[in-house]
Amino acid sequence: MRSTLLPIALLGLTPTLQAQLTAGAVPPGAIVYDVDLTLSLSQPFTDDSADIELDCDDFVDVRLLLHRGDPTIDVPHEVRFHFVDDDIELCLDMGTTFQQRPRYHAFGDLMDCEPPFSYQGNSSLVLGDHGGLLWTGPSSLDSMYIAFRRNDEYGWLLLSFQLTGNPEVRVDVHEVLPLCQGPNSIREDLEGAGPLLFPNPTNGDPIRISDAGSIEALEVFDATGRQIARFTPPIRSMAAPGVPGTYFVRAEWSDGRTSTTKLVRF
């Protein structure tokens with residue numbers, strides 16, 4: 001199982017997203033993540049899964065499941081979205097069965113939720129059981145948006161799937177506008193309270209860490225928000241990321257606070 005967590009690194013706080021958000025729109029100061037998450041299966045009776053976070057609290061919000069069956073014996077291909085966070089709602093038509101129908105939005109559509117669609121939370125979706133959304137093949141969807149919200153914050157997820165089975169079944173999560181553009185976003189520390197990393201930038205040599213005796217845990221995230229490493233005491237140094245790019249190192253301190261420092265790998 002893969003994990004795609006999305007803590008956002010912002011240089012400031014941004015306004016709460018409004019209900020009149022349009023599909024694909026990015027509010028001023030907000031960040032959309034190119035997730036580029038793909039699950040693909042070519043053999044019958046195989047499964048794959050991935051986890052996605054939508055609100056930057058470092059806990060899984062969506063478990064994406066792909067199953068390749070065998071339609072010749074009435075075992076369909078399936079994509080399931082298990083929404084496991086109990087405070088996230090989706091724009092859905094509950095219908096008369098457990099196969100809840102999401103409202104799809106094309107680029108530029110208002111992400112409203114007019115009847116027969118409405119925002120549905122965990123009590124209706126039986127989160128973690130049915131999973132909230134279920135698609136069965138043969139069917140396909142090409143680059144459509146699904147709206148979700150938490151209180152008065154709105155986000156979207158851009159996805160595609162192909163469940164015909166010729167020659168494979170697959171699901172792609174292309175982009176996510178997450179629910180963390182405001183006070184619960186993770187910001188880069190600009191006041192020097194984070195751990196000092198040396199050398200930074202680094203060309204791949206081990207990185208020494210200051211104040212390590214006060215750090216309870218150290219986590220490294222890539223630019224998409226995926227956690228690539230976690231260290232626990234004793235922490236005196238850490239290996240540099242193997243791939244050049246921008247990373248974020250978050251420290252959990254013994255006094256309960258957290259801080260985030262940007263790390264550049266040449």
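Only one of these is at pLDDT below 90 and closer than 21 Å to L41 by Cβ: G137, G128. Name it.
Selected residue: G137, the only one of G137, G128 that is at pLDDT below 90 and closer than 21 Å to L41 by Cβ.
Tell me which residues, restricted to the stretch 51-79, are surrounded by fewer than 22 Cβ atoms within 10 Å (Cβ to Cβ), modelled with pLDDT of 85 or more and under 17 Å from the mean Cα position of the chain (by Cα).
L65
Filter the stretch 232-266 down to the residues that are over 22 Å from G204 (Cβ atoms) and surrounded by 14 or more Cβ atoms within 10 Å (Cβ to Cβ) and list them by number.
Passing the criteria: E252, W253, T258, S259.
Per-residue answers, yes or no, for (1) at pLDDT 85 or above; (2) under 20 Å from V84 (Cβ atoms):
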| residue | (1), (2) |
| --- | --- |
| L141 | yes, no |
| N151 | no, yes |
| Y154 | yes, yes |
| L163 | yes, no |
| A193 | no, no |
| P199 | no, no |
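The values are calculated or read from the model by the stated rules, or taken from the named source; none is laboratory data. Please read all numbers here as calculations on a predicted model, not as lab measurements. Reconstructed Cβ throughout: ideal geometry from the backbone, glycine too, with neighbour counts over all protein chains shown.
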